[in-house]
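Novice: Provided herewith is a single structure, encoded as structure tokens, for subsequent inquiry.
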Amino acid sequence: SASTERANKRLLVRLHARDGDSARAIELLDQLLVSASTDVERATLLHEKGDVLDGAGDAAGAVAAYEGSLNYDSKNWATLNNIAFLLSDKLNNHDGALQYAQRAVAIADNSFTLDTLGWTYVGLGRFDLAIAELSRAVRVNPDYGWAYFHLGEAYRRSGSFSQASDVLRTGLDVAQTSDDVDLKAAIAKSVERVQSRDRTP
């Protein structure tokens with residue numbers, strides 16, 4: 001049936017994305033989009049396209065796909081949050097990121113949205129606001145390691161080295177229980193910069 005065929009294509013998209021064949025995954029998603037019959041399905045497929053492009057390192061393409069998804073589901077906090085994070089973290093567009101981050105927090109006040117909003121404030125150099133939001137992110141979910149890294153960076157860049165050191169030490173403990181090598185490397189580099197009293201971004 002048509003629904004089985006669509007389900008199989010969705011499965012193939014995930015397999016291709018996992019195997020690093022993002023071009024084939026995108027091709028299948030675009031085929032599914034052409035024949036999508038509901039806004040919910042269009043929103044979901046475009047969000048997935050954003051995920052695939054992000055995984056392939058195409059931040060600008062991912063943002064465009066996520067923005068397309070918002071046209072069909074404007075209140076999806078995860079989509080808003082992903083746009084904000086990519087704009088701020090990967091594309092250095094902190095001003096552009098801020099409205100998306102604020103909208104995401106307004107819809108869902110959780111460790112991921114608070115972390116992204118706080119990290120966007122770090123990028124803007126608004127360290128007091130950053131520390132407030134990132135401290136909340138850590139309180140909401142003490143097991144979310146990236147929030148400690150971002151909070152440590154907020155303290156480091158504002159010159160509060162002892163606070164940065166304390167937060168990063170806790171973050172390193174949290175990171176040890178995860179298999180996120182990028183997080184461990186980021187925290188370790190941040191700790192080195194705290195020790196040398198380096199405030200640069």
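The values are calculated or read from the model by the stated rules, or taken from the named source; none is laboratory data. What you see is a predicted model, and the numbers here were worked out from it, not measured in a lab. Methodologically, a virtual Cβ is constructed for each residue, glycine included, from the backbone with ideal geometry; neighbour enumeration extends over all protein chains shown. For the accessible areas, the whole protein counts, side chains as well, though only heavy atoms, and no ligand, DNA or RNA atoms are used. Shrake-Rupley method; radii C 1.70, N 1.55, O 1.52, S 1.80 Å.
Novice: So which residues in the range 9-33 are loosely packed, with under 12 Cβ neighbours inside 10 Å and closer than 17 Å to Ala64 by Cβ?
Specialist: Within the range 9-33, Ala23, Asp30 qualify.
Novice: Somewhere in the range 30-47, is a residue part of a helix (DSSP H, G or I), within 20 Å of Thr116 (Cα to Cα) and without any contact (Cβ under 8 Å) to a residue 12 or more places away in the chain?
Specialist: No, because not a single residue in the range 30-47 is part of a helix (DSSP H, G or I), within 20 Å of Thr116 (Cα to Cα) and without any contact (Cβ under 8 Å) to a residue 12 or more places away in the chain.
Novice: Restrict the check to the range 75-83 and report whether at least one residue is of a type in the set (A, V, I, L, M, F, W, C), under 15 Å from the mean Cα position of the chain (by Cα), modelled with pLDDT of 95 or more and closer than 21 Å to Gly152 by Cβ.
Specialist: No, because not a single residue in the range 75-83 is of a type in the set (A, V, I, L, M, F, W, C), under 15 Å from the mean Cα position of the chain (by Cα), modelled with pLDDT of 95 or more and closer than 21 Å to Gly152 by Cβ.
Novice: Does Asn71 fit the bill of being modelled with pLDDT of 95 or more, open to solvent by 60 Å² or more (accessible area, probe 1.4 Å), polar (S, T, N, Q) and farther than 24 Å from Tyr121 by Cβ? Spell out the reasoning first.
Specialist: On the way: modelled with pLDDT of 95 or more: yes; open to solvent by 60 Å² or more (accessible area, probe 1.4 Å): yes; polar (S, T, N, Q): yes; farther than 24 Å from Tyr121 by Cβ: yes.
So Asn71 fits the description; yes.
Novice: So which residues in the range 36-57 are open to solvent by 70 Å² or more (accessible area, probe 1.4 Å) and under 20 Å from Thr4 (Cβ atoms)?
Specialist: Across the range 36-57, the qualifying residues are Ser37, Val40.
Novice: Among the residues of the range 92-106, how many are under 20 Å from Asn71 (Cβ atoms) and open to solvent by 70 Å² or more (accessible area, probe 1.4 Å)?
Specialist: Residues in the range 92-106 being under 20 Å from Asn71 (Cβ atoms) and open to solvent by 70 Å² or more (accessible area, probe 1.4 Å): 4 in total.
Novice: In this structure, is Trp119 among the aromatic types (Phe, Trp, Tyr), closer than 26 Å to Ala64 by Cα, out of contact with any strand residue (DSSP E or B) (no Cβ under 6 Å at 6 or more places or on another chain) and open to solvent by 40 Å² or more (accessible area, probe 1.4 Å)?
Specialist: no
Novice: Something else about it: Would you confirm, using the coordinates I've provided, whether Asp128 is more than 23 Å from Gln99 (Cα to Cα) and not aliphatic (A, V, I, L, M)? Don't jump to the end; show me each part of the working.
Specialist: Values: more than 23 Å from Gln99 (Cα to Cα): no; not aliphatic (A, V, I, L, M): yes.
Taking the combined requirement at face value, the residue does not satisfy it.
Novice: Further question: Whether any residue in the range 115-131 is in contact (Cβ under 8 Å) with a residue 40 or more places away in the chain and part of a loop (DSSP other than H, G, I, E, B) is what I want to check.
Specialist: No: the range 115-131 contains no residue that is in contact (Cβ under 8 Å) with a residue 40 or more places away in the chain and part of a loop (DSSP other than H, G, I, E, B).
Novice: A follow-up question, please. If you scan the range 130-143, which residues turn out to be of a type in the set (A, V, I, L, M) and open to solvent by 70 Å² or more (accessible area, probe 1.4 Å)? Give the steps one after another, and end with the answer.
Specialist: Of the range 130-143, the ones of a type in the set (A, V, I, L, M) are 130-132, 134, 137-138, 140.
Residue satisfying the conditions is Val140 alone.
Novice: Here's something else I'd like to know. Report, ordered by the first and then the second residue, all pairs with beta carbons closer than 6 Å, sequence separation of six or more or different chains, a first member in the range 76-97 that is over 16 Å from Leu46 (Cα atoms) and without any contact (Cβ under 8 Å) to a residue 40 or more places away in the chain, and a second member that is open to solvent by 60 Å² or more (accessible area, probe 1.4 Å) and not in a loop (DSSP other than H, G, I, E, B).
Specialist: Final answer for the pair search is none.
Novice: Listed residues Gly152, Gly159; which is closer than 18 Å to Ala132 by Cβ, open to solvent by less than 40 Å² (accessible area, probe 1.4 Å) and outside any helix (DSSP H, G or I)?
Specialist: Of Gly152, Gly159, the one residue that is closer than 18 Å to Ala132 by Cβ, open to solvent by less than 40 Å² (accessible area, probe 1.4 Å) and outside any helix (DSSP H, G or I) is Gly159.
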